[in-house]
Amino acid sequence: MLARRLRSTFPALSRRWQTTASTTAIESPSAGGHPSSVASSQLFRMTRESALRTPGISWQDDESDRNIVGGRETRKMNLYQAVRDALSIALAKDDSAIIFGEDVAFGGVFRCTMGLAEEFGRERVFNTPLTEQGIAGFGIGLASMGHTAIAEIQFADYILPAFDQLVNEAAKFRYRSGGHFSIGGLTVRTPTMAVGHGGLYHSQSPEGFFMGASGLKVVIPRSPIQCKGLLLSAIRDPDPVIFMEPKVLYRSAVEQVPIDDFALPLSRAEILIPGSDLTLLTWGTPVYHCESALRLLTSPPPSLAPLIPPSLRSAKVELIDLRTILPWDIETVVESVRRTKRLVIVHEAGMTGGVGGEIAAEVGKRAFLRLEAPVRRITGWDVPAGLQFEKFNMPDAVRILDGIMETLSY
């Protein structure tokens, strides 16, 4: 709907550009490459009080007053600093914890392990050869011997050589031993999703490949607080966890983060914006594109205002961050859809075989008679990530807005 209308207006927009380009200074994109949807987000917790009262937060202190927030402190962190903070806590509290992967002793490509080898020793934080299958297999062996094994795959795009170890070994370890053995101490961290210029091998979102791997958990955080709390939960979870960190958020996502040890629950989605007319479900970086789409819907700029009917601008859209992809929070999502009667799912991975298809099928089974519109999926295109113009492969705010409008108008 909106996309077709926009195409029909492009000639006029082109003429307007030609008449104004010579007289108007055009602001260039941020040199840091930070998405504007992240920079302007209202979802970050920028104050100490809001950070300490993050929904679902569970303090992991030894003191009896662990639920008291008074006296606790926060520090401004971006996402990679939150990762490092969580890893430091895990190493400090668990003598069996070991971190390993390509270049982690040097701090890693994204600096998430910076200084940990110097702080805890190179026997506990060390580099491995360039072999993802070997990294996963080594982690499985360590975890089976009772260690807390925290592995890093340098990019999620390269997790596929480790697929056999993770799906055929790690996921089935407890089952094939009849419950006698466990590798719950294994956590595999890996940067995921688009970065804007990663191309074929550094901008993929492979979470959907693991949807059939019963026995694994897959987690994708959206912010520094979420990252620290969910990562510490993943490290201590009784099941092996693949923890995927949206790489474009490493430096662009910034908020106040509690410096104490805390956990956030796995397999539980979070309702970020309550609503009653449509459920908008996503995870990772697209959370912020969805937030931008909702702003465009309620307060469209002059260029889009003629294309958005006033009757739709007052729609109350419920935005949900799934957080844990496997096993996902069916109850929260289905309960929301039963109330709103409409569902739009957004993810960066391609549509075919994506996580959205599984969610749509389950919602269709459990809430079919309550739906007033088909479940809509807005995803990356079913093509490799482009070497140029990568953002056109991503579900941006305008595409999401278009899907919301079509679903509301069905």
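The values are calculated or read from the model by the stated rules, or taken from the named source; none is laboratory data. Here the structure is a predicted model, which means the values were calculated and not measured. Quick reminder, even Gly has a Cβ in these numbers, built from the backbone with ideal geometry, and neighbours come from all protein chains shown. Accessible surface is based on the protein model in full, side chains and every heavy atom, while ligands, DNA and RNA are left aside. Shrake-Rupley method; radii C 1.70, N 1.55, O 1.52, S 1.80 Å.
Details
- Accessible solvent surface per residue of segment 166-269, calculated while the other protein chains remain in place, 1.4 angstrom probe, Å²: 31 Å²
- Sequence-separation-based contact order of the chain, relative, with Cα cut under 8 Å and 6+ spacing, percent: 18 percent
- Placing unit charges on each Cβ (+1 for Lys and Arg, -1 for Asp and Glu) gives the chain a dipole about its Cα centre, and among Ser214, Ala170, Leu294 the Cα reaching farthest toward its positive end belongs to Leu294.
- Across Gly179, Gly101, Gly137, mean-square fluctuation computed from a Gaussian network of the chain (C-alpha pairs under 10 Å connected) peaks at Gly179.
- Positive-end residue, segment 312-392 charge dipole about Cα centroid, Cβ charges, pick of Leu387, Leu326, Leu312: Leu312
- C-alpha long axis of helix 132-144 to longest principal axis of the chain, angle in °: 50 degrees
- All other residues whose Cβ lies under 13 angstrom from that of Ala349 are scored, Lys and Arg at +1 and Asp and Glu at -1, for a net of -4.
- Cβ crowding within 10 Å averaged over residues, with 300-313, 44-57 ranked highest first: 44-57, 300-313
- Relative contact order %, segment 317-410, counting alpha carbon pairs below 8 Å whose residues are six or more apart: 31 percent
- Coil-residue chymotrypsin sites (Phe, Trp or Tyr not before Pro) of segment 349-390, DSSP, other Cβ within 10 Å capped at 14: Trp381, Phe389
- Here segment 198-292 has 54 percent of its accessible surface on carbon and sulfur atoms, given a 1.4 Å probe and all protein chains in place.
- Rounded Å value of the spacing that divides the Cα centres of segment 187-255 and segment 372-404: 20 Å
- Rounded to the nearest 20 debye, the dipole magnitude of segment 213-286 is 200 debye, with +1 charges on Lys and Arg beta carbons, -1 on Asp and Glu beta carbons, and the Cα centre as origin.
- Heavy-atom accessible surface of segment 39-165: percent carbon and sulfur, 1.4 Å: 52 percent
- Under 15 Å, Cβ to Cβ, from Phe163 - net charge with Lys/Arg +1 and Asp/Glu -1: -4
- The count of lysine pairs in the chain that are at least 8 places apart or cross chains, and whose C-alpha atoms lie under 20 Å apart, stands at 10.
- For the chain, the normalised intensity computed at q = 0.08, 0.12, 0.15 Å⁻¹ comes to -0.45, -0.98, -1.45 (log10 of I(q)/I(0), Debye sum over alpha carbons, equal scatterers, no solvent).
- A helix-only calculation puts the chain at -9500 deg cm²/dmol for mean residue ellipticity at 222 nm, using -39500 (n - 2.57) for each DSSP H run of at least four residues, averaged over all residues.
- As a fraction of the 1.4 Å probe accessible area of segment 308-410, surface on carbon and sulfur atoms comes out at 58 percent.
- Over segment 118-191: Kirkwood hydrodynamic radius from C-alpha pairwise inverse distances, Å: 12.8 Å
- Near Val333, once Lys and Arg are set to +1 and Asp and Glu to -1 for all other residues with Cβ below 15 Å from its Cβ, the sum equals +3.
- Rg over Rh, two decimals, segment 255-357 (C-alpha only, Kirkwood Rh): 1.02
- Given charges at beta-carbon only (K, R positive; D, E negative), |dipole| of the chain in Debye: 1560 debye
- Shown for segment 199-322 is the translational diffusion coefficient from the Stokes-Einstein equation, using the Kirkwood radius over Cα pairs, a temperature of 37 °C and a viscosity of 0.692 mPa s: 197 µm²/s.
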